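Chemist: The structure follows.
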Amino acid sequence: MVAISEHIQGILKTLPTKPGCYIMKDANGRIIYVGKAINLRNRVRSYFHSPVDHTMKTRRLVAEIADIEWIVVASELEALILEMNLIKKHLPQYNVRLKDDKRYPFVKVHWADPFPKVTVTREHVQDGSRYFGPYTSVWAVHQTLDLLRKIFQYRSCDRIITGQDPRACLYYDIKLCTAPCIGRIRQEEYRQMIDDLCKFLEGRTDPILDRLKRQMAEESGLMNYEKAAVLRDQINAIERVVERQKIISDTKLDSDVIALARSNGESCVQIFFIRNGRLIGREYFILEGTEDEDDKEIVAQFIKQFYAEASSVPDEVLLPNELEEAMIIQQWLNQQRGGEKVQIRIPQRGSKLDLIKMATENAVETLDALKTQWAADTHKQSQALAELQQALKLEAPPNRIECYDISNIQGTAAVGSMVVFEQGVPNKQLYRRFNIKTVSGPDDFASMEEVLQRRFKRWQAAQEVKEVGAKVDPSFSILPDLLIVDGGKGQLGRSVKVLKEFGLEEKVLTAGLAKENELLFLPGKDLPLEVPRKSQGLFLLQRIRDEAHRFAITAHRNLRSKERLVSRLDQIPGIGPARKKALLTKFGSLSGVKKATPQQISEVPGITAQLANDIWEALNK
C-alpha cells in the first residue's frame with residue numbers, strides 16, 4: 001500500500017459499491033482526474049494498492065490526490081455519460097482529452113428560422129438548428145461555405161424576411177443569394193434548398209441530383225429556360241464535387257474509420273468519413289494526457305468525446321483494436337443516433353482493413369508534420385525570448401509578458417486591454433478588458449494609469465486571499481516578467497508611476513513600444529533601445545503589441561455598439577425605465593430586442609402595437 005492521509009483513508013472506508021463517477025482533487029481543490037466505475041469502492045481503492053502495478057502517470061496522480069468525491073448513478077451507461085460531461089467541463093490534467101476541444105468549429109444551419117441562414121459557430125447548443133462537424137480548421141470550414149453558397153445561394157444577412165423589402169442586397173446581384181427578402185423565392189422552395197444543402201454536407205448527393213434533374217426537365221418542358229439553366233448549373237456544380245470524392249465501397253453503409261498514431265508522448269487520431277461508399281472528408285485530432293495510456297483507452301476516450309459533439313453517428317465505426325468497454329460505448333452510440341443501431345467493428349481482412357491501414361498511415365504523416373511545425377515554432381519562441389533577455393539584460397527569459405493598450409473615439413467608450421503571453425505564446429484565458437471609469441475625454445495616459453492601477457490592486461487582493469487558501473484569478477495573481485505599454489515615453493511614465501505606487505519597480509520591468517520606428521523605451525533611459533529589425537525578439541514584441549491593440553479595438557467596438565443601442569432605445573418616445581426593463585427581461589439583451597419582430601415586441605406587457613412598430617423602426621432602420 002502507498003502512504004495515505006487520514007482524510008483519504010476515511011473516504012476509502014465509506015465508498016459505496018454502486019456504479020458512478022469519482023472526482024479526484026489536489027491540495028488546491030483543483031479537479032485533476034475524473035473516472036467511472038461499475039463498483040466505486042473497488043475501483044477507487046485500487047489506486048492506493050502497491051505502486052509497482054501502476055504506470056508513472058498513475059503514480060504522479062496518486063501523489064497529488066488530496067480529496068475524492070463521488071456521484072452514484074443507476075447504471076454503467078449513466079456513469080459513462082456523467083464522466084464525459086465532467087471531463088468536458090473541468091478538463092482534468094490526468095484525463096485523456098481532445099486538445100482545445102472547445103474551439104472546434106461547426107457549420108450551423110439555423111433550421112428553426114423561417115428562412116434559415118448558414119454560419120460558423122463554436123457553440124453546439126440545442127436550439128433547433130442543424131450542426132455539421134466538428135472540424136479542426138476554421139479556414140477549411142469557410143472554404144466549404146464558399147463552395148456551398150455558389151451551389152445553393154443561401155442568405156447570410158440578419159434581415160427579418162417579409163418578402164416586401166424594396167430591393168435586395170449585392171449578393172443577389174452576384175448570384176450568391178436567392179433574395180427571399182424581396183420575394184424572389186417562396187419559403188417552401190428556400191427550405192427545400194437548405195435541406196438539400198444539409199444532405200450535401202452529409203454526403204447524400206444522389207437524391208438531390210435525381211430531384212434536381214427531374215425539376216430541370218419539368219422547367220425545360222414548360223419552356224422556363226432561365227430556371228432550367230440555373231438548375232443545370234447547380235447539378236454540374238454538385239457533380240464536380242462528387243467526382244472528386246474517392247469511391248471506397250460498393251455498399252451504401254455510412255462508416256467512420258478511426259486510426260491512431262503515437263510518438264514521444266503525442267497522440268493523433270485520424271478519422272475518415274465515408275458516406276454512401278464515398279470518402280467525403282477527413283479530420284485529425286490531437287489528444288492530451290495520453291502518456292502511459294494504452295491505445296485502447298486513448299481510442300475509447302476519443303470516441304466518447306468526439307461523438308458527444310459530432311453532428312451525426314454513422315451505421316458503423318471501424319477501429320484498429322478492441323475496446324474494453326465496447327458494449328457500453330456501442331449502447332451509448334445507439335442512444336446518440338436516436339435509437340438506431342451502430343456497429344463497432346475491428347476489421348481483420350479485406351477492404352475495411354485496408355481503410356484502417358490508410359487512416360493509420362495518414363495519422364502517422366499528420367503527426368510527423370505537426371511535430372516538425374511545433375519544433376520550429378518552439379525554436380522561434382525560445383529564440384525570441386532569449387533575444388529579449390539579452391537586449392533587456394534580464395537574469396532569465398521573460399516567460400510571462402503582459403501588454404496594455406487603450407482604445408476610444410474622442411474619449412467615448414474608452415476600453416483598456418490586457419493580453420498575456422506565456423513562453424512566447426498567447427494565453428487567451430488570461431486576457432482581460434477594462435471599461436474606463438474615472439477618465440473624462442480623450443486622455444489615453446490617464447486611462448492607462450487607471451488600467452494599471454486596477455490590475456495591481458487585484459494582484460494585491462490575490463496575495464491576501466492566497467494566504468488563507470482561497471482561489472485566485474491567475475490573470476492577476478502572478479506578476480509579469482515584462483510589462484509593455486503601447487506607446488512611447490508618455491505611456492511608459494504612467495506605467496513606472498503605477499509600479500512605484502505598488503512597490504513593484506524592482507520586481508517588474510516595464511517598457512513602452514512606440515509604433516513609429518518600432519522603438520522600445522525603457523525607464524531611466526533617454527534614448528530608446530532599437531531591437532534588430534529582423535530579430536525574432538522584435539517580431540514577438542510586435543505580435544504582442546498588435547494582439548493588445550486588436551483585443552482593445554474589439555472590446556471598444558462591442559461597447560460602442562451597446563451604447564448606441566441603449567441610446568436609441570432611450571430616445572424612443574414612450575420608452576421609460578419600466579418598459580425598457582420589461583423589454584430586456586423578455587428578450588434577454590438589447591440585440592435580442594433588435595432581432596424581434598413588431599408582433600413579438602407587442603407581446604411585452606405595456607407595449608402597444610404602435611409602440612412596437614416604433615421600437616422596431618428605431619432599432620432597424
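Chemist: Quick one: would you say Ile572 is modelled with pLDDT under 85, at negative phi and not in a helix (DSSP H, G or I)?
Modeler: Answer is yes for this residue.
Chemist: Anything in the range 21-50 that is assigned to a helix (DSSP H, G or I) and of a type in the set (Lys, Arg)? List them, or say none. Can you show your working first?
Modeler: Residues of the range 21-50 assigned to a helix (DSSP H, G or I): 40-46.
Listed by number, the residues that qualify are Arg41, Arg43, Arg45.
Chemist: List every residue pair whose Cβ atoms lie under 6 Å apart, where the two residues are 6 or more positions apart in sequence or sit on different chains, the first residue falls within the range 183-195 and is over 16 Å from Asp206 (Cα atoms) and in the same structural domain as Val107 (by TED's automatic domain parsing), and the second residue, located anywhere, is in a helix (DSSP H, G or I) and of a type outside the set (Lys, Arg).
Modeler: That search, which allows pairs on different chains as well, returns Tyr190/Pro180.
Chemist: Which condition number does Cys181 fail, the rest of (1) at pLDDT 90 or above; (2) out of contact with any Ser or Thr (no Cβ under 9 Å at 6 or more places or on another chain) being met?
Modeler: The failed condition is (2).
This table checks each residue for (1) surrounded by fewer than 16 Cβ atoms within 10 Å (Cβ to Cβ); (2) touching a Phe, Trp or Tyr at 6+ places or on another chain (Cβ under 8 Å).
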site: Thr55; (1), (2): yes, no
site: Ile65; (1), (2): no, yes
site: His90; (1), (2): no, no
site: Lys108; (1), (2): no, yes
site: Asp113; (1), (2): yes, no
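Chemist: Moving on to the next point. Consider the range 51-63. How many of its residues are touching a residue at least 40 places away in the same chain (Cβ under 8 Å) and part of a helix (DSSP H, G or I)?
Modeler: 5
Chemist: Related question: Would you point out which residue out of Gln373, Gln383, Gln348, Gln390 is surrounded by 13 or more Cβ atoms within 10 Å (Cβ to Cβ), out of contact with any strand residue (DSSP E or B) (no Cβ under 9 Å at 6 or more places or on another chain) and among the polar types (S, T, N, Q)?
Modeler: It is Gln383.
The values are calculated or read from the model by the stated rules, or taken from the named source; none is laboratory data. The model shown is predicted, which means the values in this text are computed figures rather than measured ones. Heads up, the Cβs are rebuilt from the backbone with ideal geometry, glycines too, and the neighbour counts pull from every protein chain shown.
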